[in-house]
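S.K.: Starting off with a structure, shown below.
The values are calculated or read from the model by the stated rules, or taken from the named source; none is laboratory data. Not measured: the values here are computed from a predicted model. When we count neighbours, we look across all protein chains shown, and the Cβ atoms used for this are built from the backbone with ideal geometry, even at glycine.
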């Protein structure tokens, strides 16, 4: 029971990777607060995991009051908060000539400011519940640029940098912070995408595979790991050259 005694708050937890992380934490003995704008699937997931293990809260990551409410629910329901998983994120795209300020502001608000607000709201309870762990979900786009994904790339690089400044500030107070950089994962966002031309393994990753890494970072097994980035991409960033799986 690697997560026994641990309570985690997950943004974007109603479906996709967030839901997978929630289920994995409960399976490992932990408790979860599932935060999302998607009320129906979020509530259904909490019910599936059991009221003794999970609770759903409506969470708008761009609003500080919404984050504060989620943290309060964690404290009132489970008495503590040991893990914050900043998983919520969106993607938009466009050429430099077409990409609008509205698109830019929206994705920065959700993908980057949303993580900052979550950390700011959760830190007092994470400190009180230490040892604690902050896990910011970034992307391989936080390590390399992608044409026409200007806001997405900037936000994911920003999440990586934010992780490091937070890690340095909290390292001496028994709270760790690390970033996770998935490649193309099989979720609703990537439905139908063919990765054969750029993934050496010739397939998308599975949410459960990312969840295994998240459990490691959330648990005390990674007690000397902070300020680091963890790539889980099937070799996409390993280099370039002809793919052997063709």
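S.K.: Which pairs do you get when a residue that is at positive phi, found in region 196-214, comes within reach of a residue that is surrounded by 14 or more Cβ atoms within 10 Å (Cβ to Cβ) and assigned to a loop (DSSP other than H, G, I, E, B), reach meaning Cβ atoms under 9 angstrom, with the pair 6+ apart or on two chains?
M.R.: If the second residue must be surrounded by 14 or more Cβ atoms within 10 Å (Cβ to Cβ) and assigned to a loop (DSSP other than H, G, I, E, B), the pairs left are 202/195; 202/234; 202/243.
S.K.: Now a separate question. Just to be sure before I move on: is residue 166 more than 19 Å from residue 108 (Cα to Cα) and in contact with a strand residue (DSSP E or B) (Cβ under 9 Å, 6 or more places away or on another chain) in the structure I sent?
M.R.: So residue 166 fails the test.
S.K.: Give me the pairs, please: first residue somewhere in region 4-19 and at positive phi and surrounded by fewer than 24 Cβ atoms within 10 Å (Cβ to Cβ), second residue anywhere and assigned to a loop (DSSP other than H, G, I, E, B) and modelled with pLDDT of 95 or more, beta-carbon distance under 9 Å, and either six or more positions apart or on two chains.
M.R.: Short answer, once both residue conditions are applied: 5/29; 5/30; 5/80; 5/82; 16/87.
S.K.: Also, quick follow-up: Tell me yes or no: at least one residue of region 90-98 is closer than 25 Å to residue 183 by Cα, in contact with a strand residue (DSSP E or B) (Cβ under 8 Å, 6 or more places away or on another chain), modelled with pLDDT of 95 or more and not in a helix (DSSP H, G or I).
M.R.: The answer is no, given that none of the residues of region 90-98 is closer than 25 Å to residue 183 by Cα, in contact with a strand residue (DSSP E or B) (Cβ under 8 Å, 6 or more places away or on another chain), modelled with pLDDT of 95 or more and not in a helix (DSSP H, G or I).
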